[in-house]
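*Asks:* Just dropping this structure here.
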Amino acid sequence: MRKLHHIAAACAISAIMLSGTVLAQATATPAAAAAPQKEETGKDIAFNNRKGNCLACHGMPTVPDAQSTGLYGPPLIAMSARFPNKAQLRARIWDATAFNPSSTMIPFGKHGVLTEAEIDKVTDFVYGL
Amino acid sequence: MKQKIIMKLLTGMAGLGIALGAATAHATPESDRQEFIKYYTSKYPNIKVEDYVFGALAFDADSKSQYDAIMEFPPFDSQIEAGRKMWETPFKNGKKYSDCLPSGGKQIAGNYPMFDEAKGKVVTLHDVINDCRVANGEEAFKVGDMKTMGTLTAYMRTLSDGMIMNIKVEGPKAMAAYEDGKKTFFTRKGQLNFACASCHVQNAGTRLRSEIISPAVGHAGHWPVFRGGDNLVTLQQRYQGCFTQVRAVSPPQGGITMNNLEYFHSALSNGMPMKASVFRK
């Protein structure tokens, strides 16, 4: 439990720091592929099947290139409406089993599947869906 | 009611399977099997339980007709033929497998895994084949070797086609082995934190990327499989694949953990007909 608070706090801070880029990223998504970027974006991480692999389980109805996705988890859509608090969204990605003990979503942060920085980026990406 | 028991099991997995014992104190293999079936059929009332032996294909008519077409002229016939040669070739002492296996090795696969009271542990069909080899002065095969044990059983199991799976769990020691296998099935593991049940119970019938996930009932009878038409995979090889997928260290094939898992997992298919060998994606 204490860990969670810690995370929530940590990510509230990063959320503030990142909020500028979030907006830019969310609106620029369709064109993002055109820009020759070195650094991995939240979308890259979410799509990469060795990293987030979110598409194995989640549809993203508002993202045109999110094709032949799984139906293992609920579609990720209208996230900012459903998660008014971004920290909560991040915490959910960090360890879904903390919210739902029988969740079959991978605890990306708790089990170190993604780094903290990668989770920040994915959260930003998903928050824009 | 029953739904609740399975949900309790699934929730229990989160707590490292601690709830397992409590939730299932009076479960018998047959009542477990019935609960699994109730769980699946209440989610998918239109899918016939007898079709579960086709695994994920039961959930997708297109893939099932592709399967039917491939099974008309199986691309893996030459491997079955190689298995038949192995089966029929006498040992150095002139004896054959059919001389030392029960019923000449025919219509027996559905009795395995079996709890061997004398040995005090579960023995698989692979173990029995190896015992037969060793008793006749041959070296045991490595159970996870697809070229030897895999190929031999790809033929040998065809001798049990149509046999009804009949795994017996009798007596406290057998029950303990069964419970151990069940615990493995329901315990989350690996960096990705899945139990077998996370996918093959909780998410059976749903799509993970492009793969529909099969139910665990009916899983154990149609082995080995030829994935993609020619890649031979035995049941424990498949377990190993699923362990690796969730980034867990797989227990060794032929070891107690794997054999107990196969024991529990096979009992879930009791009453269902066997077939070897089949095509899988």
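*Asks:* Failed condition for residue B:190, given (1) surrounded by 19 or more Cβ atoms within 10 Å (Cβ to Cβ); (2) within 14 Å of another protein chain (Cβ to nearest Cβ); (3) out of contact with any Gly (no Cβ under 9 Å at 6 or more places or on another chain), with all others met?
*Replies:* Going through (1) surrounded by 19 or more Cβ atoms within 10 Å (Cβ to Cβ); (2) within 14 Å of another protein chain (Cβ to nearest Cβ); (3) out of contact with any Gly (no Cβ under 9 Å at 6 or more places or on another chain) one by one, residue B:190 breaks only (1).
*Asks:* Evaluate segment B:129-144: report whether one residue or more is under 25 Å from residue B:271 (Cα atoms) and modelled with pLDDT of 95 or more. Please lay out each step first, then the result.
*Replies:* Applying the first criterion (under 25 Å from residue B:271 (Cα atoms)) to segment B:129-144 yields B:129.
Restricting the remaining residues to those that are modelled with pLDDT of 95 or more gives B:129.
For segment B:129-144, residues under 25 Å from residue B:271 (Cα atoms) and modelled with pLDDT of 95 or more: present.
Residue-by-condition table, conditions (1) within 14 Å of chain B (Cβ to nearest Cβ); (2) basic (Lys, Arg); (3) part of a helix (DSSP H, G or I):
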residue	(1), (2), (3)
A:58	yes, no, no
A:62	no, no, no
A:75	yes, no, no
A:80	no, no, yes
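*Asks:* What do you reckon, is residue B:238 among the charged types (D, E, K, R) and within 14 Å of chain A (Cβ to nearest Cβ)?
*Replies:* It is false that residue B:238 is among the charged types (D, E, K, R) and within 14 Å of chain A (Cβ to nearest Cβ).
*Asks:* Would you mind finding the one in B:110, B:104 that is at pLDDT 95 or above and surrounded by fewer than 16 Cβ atoms within 10 Å (Cβ to Cβ)? Walk me through it before giving the result.
*Replies:* Numbers: B:110 fails: surrounded by fewer than 16 Cβ atoms within 10 Å (Cβ to Cβ).
After ruling out the rest, the residue left standing is B:104.
*Asks:* Follow-up question, since we're still on this one. Scan (1) within 14 Å of chain B (Cβ to nearest Cβ); (2) over 27 Å from residue B:205 (Cβ atoms) for the single condition residue A:87 breaks and write down its number.
*Replies:* The one condition residue A:87 does not meet is (1).
*Asks:* Here are some conditions: (1) touching a Lys or Arg at 6+ places or on another chain (Cβ under 8 Å); (2) at pLDDT below 95; (3) open to solvent by less than 30 Å² (accessible area, probe 1.4 Å). Residue A:40 meets all but one. Which one does it not meet?
*Replies:* (3)
*Asks:* Can you tell me which residue is farthest from residue A:56 (Cα to Cα) among those in segment A:111-120 that are charged (D, E, K, R) and crowded, with 17+ Cβ neighbours inside 10 Å? Talk me through it step by step, then tell me what you get.
*Replies:* Step one: filter segment A:111-120 for residues charged (D, E, K, R), giving A:116, A:118, A:120.
Next, from what is left, pick out any that are crowded, with 17+ Cβ neighbours inside 10 Å: A:118, A:120.
Values: A:118: 18, A:120: 20 Å.
The qualifying residue farthest from residue A:56 (Cα to Cα) is A:120.
*Asks:* Residue check, residue B:241 against (1) touching a residue at least 12 places away in the same chain (Cβ under 8 Å); (2) under 22 Å from residue B:70 (Cβ atoms); (3) under 16 Å from the mean Cα position of the chain (by Cα), all met but one. Which one?
*Replies:* (1)
*Asks:* Provide a single number: the residues in segment A:55-103 that are open to solvent by 20 Å² or more (accessible area, probe 1.4 Å) and β-branched (Val, Ile, Thr).
*Replies:* 4
*Asks:* Select from segment B:44-59 the residues that are exposed (fewer than 15 other Cβ atoms within 10 Å of the Cβ) and part of a helix (DSSP H, G or I) and list them in ascending order.
*Replies:* Step one: of segment B:44-59, the residues exposed (fewer than 15 other Cβ atoms within 10 Å of the Cβ) are B:45-46, B:48, B:50-51.
Listed by number, the residues that qualify are B:50, B:51.
*Asks:* Being touching a Phe, Trp or Tyr at 6+ places or on another chain (Cβ under 8 Å) and within 11 Å of another protein chain (Cβ to nearest Cβ) is the requirement here; does residue A:71 meet it? Break it down stepwise before answering.
*Replies:* Numbers: touching a Phe, Trp or Tyr at 6+ places or on another chain (Cβ under 8 Å): no; within 11 Å of another protein chain (Cβ to nearest Cβ): yes.
Spelling it out, it is not the case that residue A:71 is touching a Phe, Trp or Tyr at 6+ places or on another chain (Cβ under 8 Å) and within 11 Å of another protein chain (Cβ to nearest Cβ).
*Asks:* Mind checking which helices (runs of 4 or more DSSP H) fall wholly inside segment B:60-161 and carry at least 2 residues that are more than 30 Å from residue B:47 (Cβ to Cβ) and touching a residue at least 40 places away in the same chain (Cβ under 8 Å)?
*Replies:* Values: elements: B:61-72, B:77-88, B:97-100, B:125-135, B:151-156.
Passing ranges, in order: B:77-88, B:125-135, B:151-156.
*Asks:* Now a separate question. Taking residue B:253 and the conditions (1) open to solvent by 10 Å² or more (accessible area, probe 1.4 Å); (2) within 14 Å of chain A (Cβ to nearest Cβ), which numbered condition does it fall short on, given that it satisfies the others?
*Replies:* Of (1) open to solvent by 10 Å² or more (accessible area, probe 1.4 Å); (2) within 14 Å of chain A (Cβ to nearest Cβ), only one is false for residue B:253: (2).
*Asks:* Check B:217, B:201, B:246 and return the single one that is at pLDDT 95 or above and within 14 Å of chain A (Cβ to nearest Cβ). Step through it out loud before you land on a result.
*Replies:* Working: B:217 fails: within 14 Å of chain A (Cβ to nearest Cβ); B:246 fails: at pLDDT 95 or above.
Only one candidate passes the filter, namely B:201.
The values are calculated or read from the model by the stated rules, or taken from the named source; none is laboratory data. Bear in mind that the values here come from a model prediction, so they are computed numbers and not experimental data. Cβ: placed from backbone, ideal geometry, glycine included. Neighbour counts: every protein chain shown. These accessible areas exclude ligands, DNA and RNA; they are computed on the full protein's heavy atoms, side chains included. Shrake-Rupley method; radii C 1.70, N 1.55, O 1.52, S 1.80 Å.
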